[in-house]
Amino acid sequence: MKVIDIINGASLFRLKRAVILGVKSLWMHKLRSMLTAMGIVFGVCSVIAMLAIGEGASYEAQQQIKDLGSQNVILESVKPTNNTTAGEQERSLILEYGLTYHDILQMQATVPGVEVTVPSREVKDFLWNRTNSVDGVVLGTVSWYPKMKNRDVLRGRFFTELEMASSAPVCVLTQSLARQLFPLDEPVGLTVRMRTSYFRVIGVIEDDPAVAAAAEGMEGTSQSSGEGMEMMVPMSTLKDHFGDVLFKYRSGSFEAVKVELHEVTVRIEDPDQVKPAAQAIQHILERNHKDVDYKMTVPLDLLQRAERTKQIFNIVLGSIAAISLLVGGIGIMNIMLATVTERTREIGIRRALGAKKKDIVTQFLIETVMLSGAGGLLGVALGIAIPVIITHFAGMKTVIEFWAPAMAFSISVMTGVLFGIYPAFRAADMNPVEALRHE
Amino acid sequence: MSRRPDTDPVIELRGVEKHYTMGEFTVKALQKVNLKIYPGDYISILGPSGGGKSTMLNILGCLDQPTIGEYFLSGSDVSQLSDNDLSKVRGKELGFIFQSYNLIQQLTVVENIEVPLYYQGVSEKESREIAVELATKVGLGTRLDHRPNELSGGQQQRVAIARALSCDPAVILADEATGNLDSKSGSDILRIFDELNAEGKTLIMITHDEAMAERTPRVIRLKDGEVAFDTYDQPD
């Protein structure tokens with residue numbers, strides 16, 4: 001008897017009758033059927049729910065990394081922590097550290113595949129619109145900054161290379177800065193003051209996605225911090241107005257800092273070259289900066305690491321799923337074997353009345369598949385409900401991928417078939433004479 | 001005394017033997033059985049316990065196959081058929097009536113009658129019509145949707161009769177059909193058998209009840225696995 005025979009034997013009309021019969025037989029032992037299906041329900045439900053939670057967590061992390069740009073290498077200036085060398089030096093009033101133009105020129109000259117570099121430098125201070133002030137940051141950068149950082153200009157425009165060359169006093173505000181500084185006005189065309197300099201607003205750019213995401217997490221409290229309150233001006237304009245050395249008078253102490261560049265984003269032409277290029281850049285920086293006064297971030301690295309983590313997570317999840325479905329399947333098999341023994345007489349009667357072996361196999365297989373299928377459906381429903389509830393009450397992001405419920409359900413049905421085959425064949429192989437005599 | 005009809009037999013056993021091996025011993029449950037059963041026969045097969053009645057029923061009912069010999073049912077040899085074909089023959093050519101009714105508990109009266117039709121592949125509509133008609137014929141027209149456990153023994157046995165008739169079989173086999181019934185229900189069932197035989201059905205009753213022998217025109221007695229008496233073999 002082959003599987004194909006069983007399928008052929010079950011024409012549509014017979015299938016319908018067999019399903020009705022299956023429902024009746026299962027209904028005779030409601031509690032038993034329900035408990036048996038429970039094994040599958042929890043297996044399927046836990047798989048979908050865990051997958052949704054894991055997917056949600058890694059989705060957020062990956063999105064943030066992707067926003068940084070997978071072809072980019074991001075370099076930041078960092079204030080050195082232990083100043084052993086600075087102590088030996090002549091005590092200077094000015095603390096000098098960070099990335100320099102020299103680094104950029106060297107990278108462009110020696111590292112193959114470096115496409116564009118986006119340098120930026122920042123000055124922190126209060127930004128004014130008449131009497132309205134915001135604790136913000138002036139960011140000196142280049143005209144291709146929005147394109148490189150994947151940030152859209154929402155209103156007006158970004159500054160041009162010509163404005164860079166001429167050190168034009170123009171600026172672009174981030175969305176949240178514009179909202180704070182000009183709560184009632186359209187900012188484009190108006191001016192912003194910082195210290196003694198005035199800048200004409202020519203555009204509004206969207207917030208840094210990472211900052212925006214963080215702000216969303218803690219609504220209401222975010223606006224007071226300086227995060228994301230950026231005003232972008234041409235690099236040359238920043239230098240003209242504020243010089244090379246930055247002075248800070250905050251909280252009673254005086255500090256003078258000289259940083260040429262706060263951040264450099266290097267874009268590598270070929271995605272495959274990102275890793276070697278990042279290594280080359282690392283070498284240049286190691287040679288130029290004896291103190292580690294920079295930080296290098298390779299989003300591609302982070303992304304790959306995140307993906308690897310997710311892979312491991314998926315393997316763990318897969319094993320848990322397999323185990324739970326295995327347990328469920330064994331439960332089903334156990335009950336079906338008991339059912340077959342209990343219904344030996346019925347099997348004998350059916351055989352006497354003309355049922356072939358394959359009819360008996362079909363009958364019992366349909367019952368197990370219905371058990372596991374019903375369990376699977378219920379599991380899918382619960383598995384979708386649980387992440388929704390978690391998102392609603394705990395605020396955790398969850399992602400239910402369309403294939404997860406479909407996969408979990410089909411695996412549950414397959415479990416039914418797999419664990420139903422043995423009991424079904426055992427039923428079919430019974431000797432009709434003995435089955436009829438069975439009490 | 002009844003005479004052997006001139007028509008072709010519906011069942012013919014030629015030299016049938018059934019042996020069971022129990023350890024080192026071989027038990028011969030049936031020996032050298034030659035038997036012809038004709039359409040319209042109404043037969044009691046009698047014998048003491050251990051005389052081979054059950055084995056005879058199993059062989060005649062195609063539930064088991066003879067160790068030696070040939071069994072012709074409606075003209076074709078069924079002693080060498082595969083399990084699959086044997087199932088088909090059982091459903092189509094034979095109707096079973098058991099001592100303990102053997103109805104399927106989770107099915108209603110109509111559905112129980114439909115079971116053999118289902119395995120023969122009869123369409124749902126047609127099988128429902130046949131089942132309702134037969135249920136009405138055995139007097140259960142008002143209880144179509146009852147479950148077996150809601151019926152008396154006599155009623156259950158009538159469902160079993162309707163079920164045995166559903167595929168219009170060549171032969172109906174009844175195994176101690178009245179054994180579990182009180183005398184009134186039992187005689188009701190026997191009356192139905194009489195009517196069926198009057199309609200031309202072939203009935204074989206397997207029983208240990210001597211009273212049955214007086215009811216049926218033909219009596220076959222088994223003793224130690226052999227046919228010890230057959231009405232048709234007696235001189236007039």
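Could you count how many residues in region B:143-169 are buried (at least 19 other Cβ atoms within 10 Å of the Cβ), part of a loop (DSSP other than H, G, I, E, B) and in contact with a Ser or Thr (Cβ under 9 Å, 6 or more places away or on another chain)?
2
I'm trying to understand the selection: among the residues of region A:397-416, which are under 30 Å from residue A:349 (Cα atoms) and either surrounded by fewer than 16 Cβ atoms within 10 Å (Cβ to Cβ) or not assigned by TED's automatic domain parsing to the domain that holds residue A:355 (or both)? Working first, answer last.
If we filter region A:397-416 for residues that are under 30 Å from residue A:349 (Cα atoms), which is where we start, we get A:413-416.
If the condition is that a residue be under 30 Å from residue A:349 (Cα atoms) and either surrounded by fewer than 16 Cβ atoms within 10 Å (Cβ to Cβ) or not assigned by TED's automatic domain parsing to the domain that holds residue A:355 (or both), then A:414 is the only one that fits.
Can you tell me which condition residue B:196 does not meet? The list is (1) closer than 19 Å to residue B:101 by Cα; (2) in a loop (DSSP other than H, G, I, E, B); (3) not basic (Lys, Arg), and all the others hold.
Of (1) closer than 19 Å to residue B:101 by Cα; (2) in a loop (DSSP other than H, G, I, E, B); (3) not basic (Lys, Arg), only one is false for residue B:196: (2).
Applying the selection to region B:142-164, what residues are of a type in the set (A, V, I, L, M, F, W, C) and under 16 Å from residue B:128 (Cβ atoms)? Even if it seems obvious, please write down each step before you answer.
In the first step, residues of region B:142-164 are kept if they are of a type in the set (A, V, I, L, M, F, W, C); the result is B:144, B:151, B:159-162, B:164.
Selection gives B:144, B:159, B:162.
For (1) within 14 Å of another protein chain (Cβ to nearest Cβ); (2) of a type outside the set (Ser, Thr, Tyr); (3) touching an Asp or Glu at 6+ places or on another chain (Cβ under 7 Å), each residue gets a yes or a no:
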{"site": "A:274", "(1), (2), (3)": "no, yes, no"}
{"site": "A:295", "(1), (2), (3)": "no, yes, yes"}
{"site": "A:309", "(1), (2), (3)": "no, no, no"}
{"site": "A:318", "(1), (2), (3)": "no, yes, no"}
{"site": "A:352", "(1), (2), (3)": "yes, yes, no"}
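Within 25 Å of the chain's Cα centre (by Cα) and at pLDDT 85 or above: is that true of residue A:215 in this structure?
Values: within 25 Å of the chain's Cα centre (by Cα): yes; at pLDDT 85 or above: no.
No: the conditions fail for residue A:215.
What is the residue count in region A:144-159 for residues that are at pLDDT 90 or above and assigned to a loop (DSSP other than H, G, I, E, B)?
3
Would you point out the residue of region A:218-256, among those that are modelled with pLDDT of 80 or more and β-branched (Val, Ile, Thr), that is surrounded by the most Cβ atoms within 10 Å (Cβ to Cβ)?
Per the stated criteria, the residue is A:233.
Pick from A:362, A:391, A:344: which is surrounded by fewer than 21 Cβ atoms within 10 Å (Cβ to Cβ), β-branched (Val, Ile, Thr) and within 14 Å of chain B (Cβ to nearest Cβ)? If you could, list the steps in order and put the result at the bottom.
On the way: A:362 fails: surrounded by fewer than 21 Cβ atoms within 10 Å (Cβ to Cβ); A:391 fails: within 14 Å of chain B (Cβ to nearest Cβ).
Criteria check complete, one pass: A:344.
Does at least one position in region B:44-51 carry a residue that is part of a strand (DSSP E or B), of a type in the set (A, V, I, L, M) and surrounded by fewer than 17 Cβ atoms within 10 Å (Cβ to Cβ)?
The answer is no; no qualifying residue exists.
Please determine whether any residue of region A:111-122 is more than 29 Å from the chain's Cα centre (by Cα) and charged (D, E, K, R).
Yes, because at least one residue in region A:111-122 is more than 29 Å from the chain's Cα centre (by Cα) and charged (D, E, K, R).
For region A:114-131, how many residues are farther than 23 Å from residue A:161 by Cβ and touching an Asp or Glu at 6+ places or on another chain (Cβ under 7 Å)?
Result for region A:114-131: 1.
State all residues of region B:195-233 that are of a type in the set (Asp, Glu) and surrounded by 14 or more Cβ atoms within 10 Å (Cβ to Cβ); if no residue qualifies, say none. I'd like the intermediate steps shown before the answer.
We begin by selecting, within region B:195-233, every residue of a type in the set (Asp, Glu); these are B:195, B:199, B:209-210, B:214, B:224, B:226, B:230, B:233.
Passing the criteria: B:209, B:224, B:226, B:230.
From the list B:224, B:175, which residue is of a type in the set (Asp, Glu) and at pLDDT below 90? I'd like the intermediate steps shown before the answer.
Working: B:175 fails: at pLDDT below 90.
Answer to the selection: B:224.
Suppose we filter A:352, A:428 for residues that are closer than 23 Å to residue B:61 by Cα, touching a strand residue (DSSP E or B) at 6+ places or on another chain (Cβ under 7 Å) and either in contact (Cβ under 8 Å) with a residue 60 or more places away in the chain or not acidic (Asp, Glu) (or both); which single one remains? Even if it seems obvious, please write down each step before you answer.
Details: A:428 fails: touching a strand residue (DSSP E or B) at 6+ places or on another chain (Cβ under 7 Å).
After applying the criteria, what remains is A:352.
Among the residues of region B:103-141, write down those that are surrounded by fewer than 21 Cβ atoms within 10 Å (Cβ to Cβ) and more than 14 Å from residue B:162 (Cβ to Cβ).
B:105, B:106, B:120, B:121, B:122, B:123, B:124, B:125, B:126
Listed residues B:100, B:54, B:82; which is within 14 Å of chain A (Cβ to nearest Cβ), small (Gly, Ala, Ser) and over 23 Å from residue B:17 (Cβ atoms)?
B:100
Somewhere in region B:137-146, is a residue under 23 Å from residue B:174 (Cβ atoms), within 14 Å of chain A (Cβ to nearest Cβ) and either in contact with a helix residue (DSSP H, G or I) (Cβ under 7 Å, 6 or more places away or on another chain) or not hydroxyl-bearing (Ser, Thr, Tyr) (or both)?
No, because not a single residue in region B:137-146 is under 23 Å from residue B:174 (Cβ atoms), within 14 Å of chain A (Cβ to nearest Cβ) and either in contact with a helix residue (DSSP H, G or I) (Cβ under 7 Å, 6 or more places away or on another chain) or not hydroxyl-bearing (Ser, Thr, Tyr) (or both).
Kindly indicate the residue of region B:57-77 that is buried (at least 22 other Cβ atoms within 10 Å of the Cβ) and more than 30 Å from residue B:185 (Cβ to Cβ) and also farthest from the other protein chains (Cβ to nearest Cβ) among those meeting that condition.
B:71
The values are calculated or read from the model by the stated rules, or taken from the named source; none is laboratory data. This one's a predicted model, so the numbers in the text were calculated from it and none came from an experiment. Please note: Cβ atoms are built from the backbone with ideal geometry, for glycine as well, and neighbour counts cover all protein chains shown.
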